[in-house]
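Read the structure below first, then the notes.
The values are calculated or read from the model by the stated rules, or taken from the named source; none is laboratory data. All of these numbers come straight from a predicted model, not from anything done at the bench. A quick note on method: Cβ atoms are made from the backbone with ideal geometry, for glycine too, and the neighbour counts reach across all protein chains shown. We work out accessible area using only protein heavy atoms, side chains counted, and drop any ligands, DNA or RNA first. Shrake-Rupley method; radii C 1.70, N 1.55, O 1.52, S 1.80 Å.
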Amino acid sequence: MARHLAVCCLALKFAAGSPALADDTVLMPTNIIFVTSTGYWEESGDPLSVLDPNSAKTTGNQPATQSSTPAQRGYYKLVAVRQPEGNTHIFLQQVALDAAGPKVISSAELEEFSAMKAYVTDIRPETSDGVASQPGLFATIYLKTDPTAGEPETWTVLIDDIGDIKVERETN
């Protein structure tokens, strides 16, 4: 599994910096069936600022000095990778926006989907304009646990503003 993720990350890294080619060169592995970038995250440069409700001020009511570590920002990416047996594993990546370009800083398999041995038919972000109003992620995963089923099941992946991840079946 780690090998699939490494190949995926490597392919995405090279594809990001390469122009599109008209020949038979493969830019990404053929087993990547969906990639959705959505939502955003941000962290201050001060890891304790999250715990301090007055982090913008110091004891003398003076503005806090700039932290030596700059704030980090980025977005999330969901990557669906087809397995040799036909089912799909879904990976969640946290991508930092760096001066040198986007950089994957974490990547994890969403085991809930792997355990179902699901066949993913679509992944959709909360909005199609790419603009999120609050930090976090909300995406809908359409899947089938039985490939002959007529309609797919609908699941959601939610990351709240503090980074907690929730995967659950969508209810109406």
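Which residue pairs have Cβ atoms under 6 Å apart, sit 6 or more places apart or on different chains, and have a first residue in region 139-162 that is under 18 Å from residue 85 (Cα atoms) and modelled with pLDDT of 90 or more and a second that is of a type outside the set (S, T, N, Q) and open to solvent by less than 50 Å² (accessible area, probe 1.4 Å)?
Every condition considered, the pairs that remain are 143/118; 143/120; 143/152; 143/153; 144/152; 145/116; 145/118.
So which strands (runs of 3 or more DSSP E) are wholly in region 107-172 and hold at least 3 residues that are open to solvent by 50 Å² or more (accessible area, probe 1.4 Å)? Give the steps one after another, and end with the answer.
On the way: elements: 119-125, 137-144, 153-159, 165-169.
The qualifying strands (runs of 3 or more DSSP E) are 119-125, 165-169.
Out of curiosity, is residue 80 assigned to a strand (DSSP E or B), closer than 19 Å to residue 144 by Cβ and either under 16 Å from the mean Cα position of the chain (by Cα) or not aliphatic (A, V, I, L, M) (or both)? Lay out the reasoning, then the answer.
On the way: assigned to a strand (DSSP E or B): yes; closer than 19 Å to residue 144 by Cβ: yes; either under 16 Å from the mean Cα position of the chain (by Cα) or not aliphatic (A, V, I, L, M) (or both): yes.
The answer is yes for residue 80.
Do we find a residue being more than 16 Å from the chain's Cα centre (by Cα), at pLDDT below 55 and open to solvent by 50 Å² or more (accessible area, probe 1.4 Å) anywhere in region 92-106?
Scanning region 92-106, I find no residue that is more than 16 Å from the chain's Cα centre (by Cα), at pLDDT below 55 and open to solvent by 50 Å² or more (accessible area, probe 1.4 Å), so the answer is no.
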